[in-house]
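A quick write-up on the structure given underneath.
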Amino acid sequence: MARGRFWKTFFIIAAAVVGVGALVIGSYAVYLDHIVTEQFEGRRWTLPAHVYAAPLELYAGLPLTQADIKHELARLQYRPVDKLERPGTYHQQGSRIDVALRPAAFADETRPATILTIESGPAAIGALRDSAGKDVPLMRFEPLMIGSIFPIHGEDRIVVTPNEVPPLLPAALKAVEDRKFDTHHGVDPEAMLRALWIDMRAGQIEQGGSTLTQQLVKSYFLDPRQTVSRKLREAIMAMELEAHFSKADLMNAYINEIFLGQDGDRAVHGFGLASQFYFGKPLSELDLSEVAVLVAVVRGPSYYDPRRHPQRAQARRDLVLKLMAERGIISEKDARAAQAKPLGVTLRASGSYFPAYLDFVRRVLRRDYREEDLTKAGLRIYTNLEPRAQEQAELALDKELSRLDRNHKYPDASLEGAVVVTTPQSGDVIAIVGGRNVAYDGFNRALDARRQFGSLVKPFIYLTALETGRYNAATIVQDQPVQIRLADGQMWKPENFTKQIYGPVPLVRALAESMNLATIGVGMDIGLDKVAQTLQRFGLERPVPKVPSMLLGTLEVTPIEAAQLYNGLANGGFRNPLRGVRAVISEDGKTIKAFPLEVTPVAAPDAVYAVDRMMEQVMERGTGRAAHAVLPASLVVAGKSGTSSDLRDSWFAGFSGSHVVVVWVGYDDDLPTGLTGSAGALPVWTRLMGGLEETSWDAPMPETLAETWIDYPSGMRVERGCSEDAVPIAVPVGTELPIKPGCEQQQKSIVERAGEWLRDMIRR
Amino acid sequence: MITMSRLIRSRAPGWSRHVVWTSACVALFGLAACGQIPPQPPSVPRPEVGPGSAATQPRPPDVQPPPPPEQPRPTKTFRLGAASLALVSQAHKQAQDGDYGQAAASIERALRIEPSNPLLWTELGYIRLSEHNNDQADAMGRKALALATGDHQAESNAWRLIAESLRQRGRNQEAADADRKSEQLAPR
C-alpha cells in the first residue's frame, strides 16, 4: 500500500512539475513571440547618414585626359570590359570610352542608369554623347560615398532590397551556412549535432550549427554571449520567426542585418555596406569570387578579415566556392576560375576615407541637427569634397614633410601640418588635411590647431591702408627701428626677420619681402582698430586683441580660419561663408537643408585688387618666389608667407584663379621648427598647386585703377624698358607718381610695345 | 519662346518684362542673338592700360542715351559655354515651376564650371530676387559687376539687377541711379 501511495504521489508531483514547466515554457514562448513579432515587424533599420563627395561634372572642354578619366572610373570601381555590360562597367577604344553609368542620386536629382560616351582630346574632354550618338552638354559621375555618421554603438549599414541582391548570394549563404534553410522550421537539429561532433573533434567547421534564422535572431535580439539558456531562447525565437514570416523576408532581413566587419568604432552591418566597404561598389555588381569572399567573412569578420588576413580569407573563400560547386549552384569550372582570382578588396576601407573632412562635415551638421536624426534617419549628406584635390593635398603634405624631417634631422620629433583648399568664388571647401596620418580620426589641426598667424596678417594691414585712400602700392613707407611702449609699461622693440633695416621702400616691396618694421609703421598709422575690423569683415569670428604685436600676427588662428580670410582676398573682397556641405536630403529624397552660395561685399574692390597684385609680387620677387621654380611661369598666383616668433609656425597662404590653398607646418608641442614660411609651408603649397588643375588668377582690374610700372627698389614710375627692376602695380586712376630720373623721355618703339603685348598675352 | 513667355508671367509682379527678357535671352542665346550689341572679337582679360588710355577715362557724369562717343570701348563679351547654357535653361524651367531652390542649385552647378562668368552671377541674383532675398540679389549683382569689367552688356545687366533689388527695398533714388548706369552702358 505504501508503495502504491508513493507512486501515486510521485505521478501527481511529476505531473504538476511537467504542467508547471509546460506552463512556464509556454508563457515564456508567448512572451518571446510577442517580442519577435513586435520588434521584427515594426523594425526599420536605423540608418546612419551617408556622406558623399562632390560628383565629378563632365563637359566638353573639361581639362581631364583620358588617363584622368580612367583614374576617376577606377575610384568609383568601374570595371573595364571588352563589351559594355551592366552598370558599373566601361569599354575603351582609342580616344573613346563608353561608360555604363550606374543609377545615381544627387542632391538635386536622381538619374537612372545610362550609357555615356566620352571622347577625349589630348588634354581635355572633346565631346560627350549619349547612346544614340547625340551630343550631351554635361553629365555627372555618381558621387563617391566618403563615410557615414553612425550612432555611438556604431552600427553602419546600407539597406538593400531583394532585387539589388545578386541571386548567387542567398544561394551561397544557404550552401555554406544553412543547407536546409528552405525546409526547416527555424532550427536544424542534425546540423547542431554535426557541429557539436566536429567541434569535439576540433575539426574544421564547414557549416555551423546555427541556421540563418538563428543567426539572425542572435544578431537582432540578443547579445553575443553563448550560454545554454540563450541558445534555448535563440532556438525558440527562431521557430517563432519562421512561423510568422516568409523565408524570403527572413533572407532579406539576414542580408541587411548580419555583422560583416569592424572599422574603428564603426560596425559594418549587412551585405550592402560590406560590398562598399570591401569592394567599393554596389552589391548588385559583385562577381562570383567577391560574393564568395563576403560569404566567407560571415563566419568570422575579424578572423577572416580579407585585408588583415588575406590568406585565411582566401582559403575560406575557396572553400565557399567548393561547397557552392558541390551543391550544384555553380559549375566546377566557374568555381576554379573564381578560385584563381585575387581577393580583389580595395586597399582602404571605402567610407572611411578622409576623416578630417568628415569631422568638418559633422561639426557643420551638429549645429543644426540632433545626434539621433543624423545617425538614424537615413539622411544623405552631399559635400564639396573633391577627391582629386584631397588626394593631392594629402600627397603634398606627406612628401614635403618627410623631406623636411630628413633634412632637419630631428630624430625624436616629427613635423606636423595641415592643409585647407577652397574654391575662391563659391567658398567651397574641397579638401582638408588634418595631419600627416590622414587615416587617423583624431586631432584635426586644420580645424583645431590655433597657431600664431604671423605675417599672413600683413595683406589685411595693407588692404586697410589702401582703403583709407592715403596709401597706394607705390607709397614710400619707412622701414626703420620702432619702439613702442606697451600697456604694461614695457618697451617693445621688434625687428625684421633678417635683422636688417631697409629704410624707405615702396609698399609693394614691404609686403613682398615681409618687412616687419615698415608694416608696424603703416599699421600704427592707420590704427589697430581698423585692422581688427578688416579681419572681422573678412570673417574672423574670434576677438582680435588690439595690441601692437598683432601687426606681426601674434593673433592665433586655425588653418580653416586663415582659409576663410584668404578666400575673401581671392574673391575680390567678397566674403563667402566657407561651405563643406551643399545639401542634406531626407530618406525620401526631399531637400531638408541647403547651404546656398552666398556672397557679401566686405571691402573696396579696387583696394583688394591692388593688394592681390602686390601679393603677386610676393610670388615674383618676394618670399614666395621659390614657387615658380616648380609652377609654370605663365601661371599667375598670389600669396603670402607667414612665420611666427622663434619659427614655431610656418604658414603659406595663396591662390590661383581656381583655388585658395592654406598650409600650416609646425610641431604639435609648439617647439621651434627652424623653418620660415618659405622653407616649410611653401614647398607643400607649391607641390599641391602644381598637382591641381590651375588657371591663372586674372580678376579684371576695376575701372577706377590703372596699371603702371615702378622701379622695385625706389617706387618711382618707369617705362618697362627703362628699369632692370620694374614691377607692375595697380594704382587709382590719376595717381601721379614721381618718374625715375632718366626715364622721362622714354618713347617706346612699336616693336617694344608689340613685345609687351605679346608678353602680356603669354602671361595669361 | 513659349517657355520664355511663361517664365515672364511667373515672375514677381514688380518686375519689368524686358529685364527678365534680357537676362533670360542673353543667358540662353548669348548677347549677339538678343540683338543687343554686335558680336565682339575674343575677350582680352586684364587689358593693357596706361595713363590716358581709353579704358581708364572717367565716364561722363550725365549722359542721355544713346551714349556719347567718349564711352570706353567694350573690350570683351561674355558668353555661356554649352554646359552652362543647358543648366541655365534648366534653371529657368525650375524657376518657372516656382522651385527656386533647385533653380539656384542648377546655376551653382554652372558656376562651378564657369565661376568668373558674370552672366551666371546675374542669373543667380534674379533667382534670389524671386525669393525676395534682396540683399543677396544685390550682392550677386555687385559680384557680377566686378567680373563684367569691359563687357558693357554684362555690366548693364548687373546694374539692372542691382536697381531692381534696390527698388524692392524701397531705395528708389539709388535704384534710379543704378538704372541710369545700366542705361548708359547699354541702352535698350
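Just so you know, all these numbers are worked out from the coordinates, no wet-lab data involved. Here the structure is a predicted model, which is why all the values come from computation and not from measurement. Positions of Cβ are backbone-derived with ideal geometry, glycine not excepted, and every protein chain shown enters the neighbour counts.
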Response to the item:
Computed ³J(HN,Hα) along the range A:486-497: with the Karplus parameters 6.51/-1.76/1.60, θ = phi - 60°, integer Hz and x for glycine or proline, the list is 7, 4, 7, x, 6, 9, 9, 10, x, 10, 6, 4
Item to complete: With the Cα gyration tensor of the range A:128-185 in hand, give its eigenvalues times 5 under a square root as the equivalent ellipsoid semi-axes, listed largest first in whole angstrom.
Response: 38, 23, 8
Fill in: Along each principal axis, Cα extent of the range A:30-105, largest first, Å
68, 28, 15
Worksheet item: What is the Cα radius of gyration of the range A:338-451 over 2.2 N^0.38 Å, N being its residue count?
Response: 1.30
Worksheet item: On average, how many beta carbons from a partner chain sit within 10 Å of the beta carbon of a residue in A:598-607?
Response: 3
Fill in: When the convex hull of its Cα atoms is projected in every direction, mean area for the range A:643-738 (nm²)
9.0
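Determine the shielding of peptide A:417-424 by partner chains: average, over its residues, the number of Cβ atoms on other chains within 10 angstrom of each Cβ.
Mean shielding count: 1.
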Worksheet item: In degrees, nearest 10, range 0 to 90: what is the angle between the Cα axis of helix A:310-326 and the longest Cα principal axis of chain A?
Response: 40
Fill in: Residues with amide H under 5 Å from that of A:Ile739, placed H, sequence gap 5 or more
A:Arg717
Worksheet item: Taking R0 as 41 Å, what's the FRET efficiency between A:Asp448 and A:Thr114 from their Cβ-Cβ distance, rounded to 0.05?
Response: 0.45
Response to the item:
Tilt, helix A:66-75 to longest principal axis of chain A (alpha-carbon atoms), in degrees rounded to tens, equals 40
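Quote to one decimal, in nm, the extra length available between A:Glu57 and A:Phe221 on full extension: 0.36 nm per residue of separation minus the C-alpha distance between them.
Extra length from A:Glu57 to A:Phe221 when fully extended: 54.6 nm.
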Practice prompt. Report P(r) for the range A:1-153: all Cα-Cα distances, bin width 10 Å, range 0 to the bin holding the largest distance, values in whole percent.
Written response: 9, 25, 18, 9, 8, 8, 7, 7, 5, 3, 1
Practice prompt. Kindly rank B:177-185, A:378-386 from highest to lowest mean number of other beta carbons found within 10 Å of each residue.
Written response: A:378-386, B:177-185
Worksheet item: Which value, to two decimals, describes the C-alpha radius of gyration of the range A:423-573 once divided by 2.2 N^0.38 Å?
Response: 1.13
Worksheet entry | Shielding by partners, peptide A:700-709 (average Cβ within 10 angstrom, other chains) | 6
Worksheet item: How are the Cα pair distances of the range A:555-642 distributed, in percent, across 10 Å bins from 0?
Response: 15, 32, 30, 15, 8, 1
Item to complete: Anything over 31 Å Cα to Cα? Flag those among A:Lys83/A:Lys376; A:Lys530/B:Lys143; A:Lys493/B:Lys143; A:Lys593/B:Lys93, in the order listed.
Response: A:Lys83/A:Lys376; A:Lys493/B:Lys143
Worksheet item: Considering only chain A, what is the antiparallel percent among its DSSP beta bridges, to the nearest 5?
Response: 90
Response to the item:
Here, trypsin sites (Lys or Arg not before Pro) of the range A:384-480 satisfying both criteria (DSSP loop; at most 12 other Cβ within 10 Å) are A:Lys409, A:Arg470
Worksheet item: Any idea what angle helix A:681-691 forms with the longest principal axis of chain A, computed on alpha-carbon atoms, 0 to 90 degrees, nearest 10?
Response: 70
Item to complete: Based on alpha-carbon positions alone, could you give the equivalent ellipsoid semi-axes of the protein assembly as shown from the gyration tensor, as √(5λ), descending, whole Å?
Response: 64, 33, 26
Worksheet, complete the sentence: Over all viewing directions the Cα convex hull of the range A:241-370 casts an average projected area in nm² of 10.5
Item to complete: Within 10 Å, count the other beta carbons around each residue, average over each peptide in A:286-292, A:366-372, and list them highest first.
Response: A:286-292, A:366-372
Practice prompt. For the range A:603-668, run through the chymotrypsin sites (Phe, Trp or Tyr not before Pro) and keep only the ones in DSSP coil with at most 16 other Cβ atoms within 10 Å of their Cβ.
Written response: A:Tyr667
Worksheet item: Going highest first, how would you order A:295-307, A:732-744 by mean Cβ packing within 10 Å?
Response: A:295-307, A:732-744
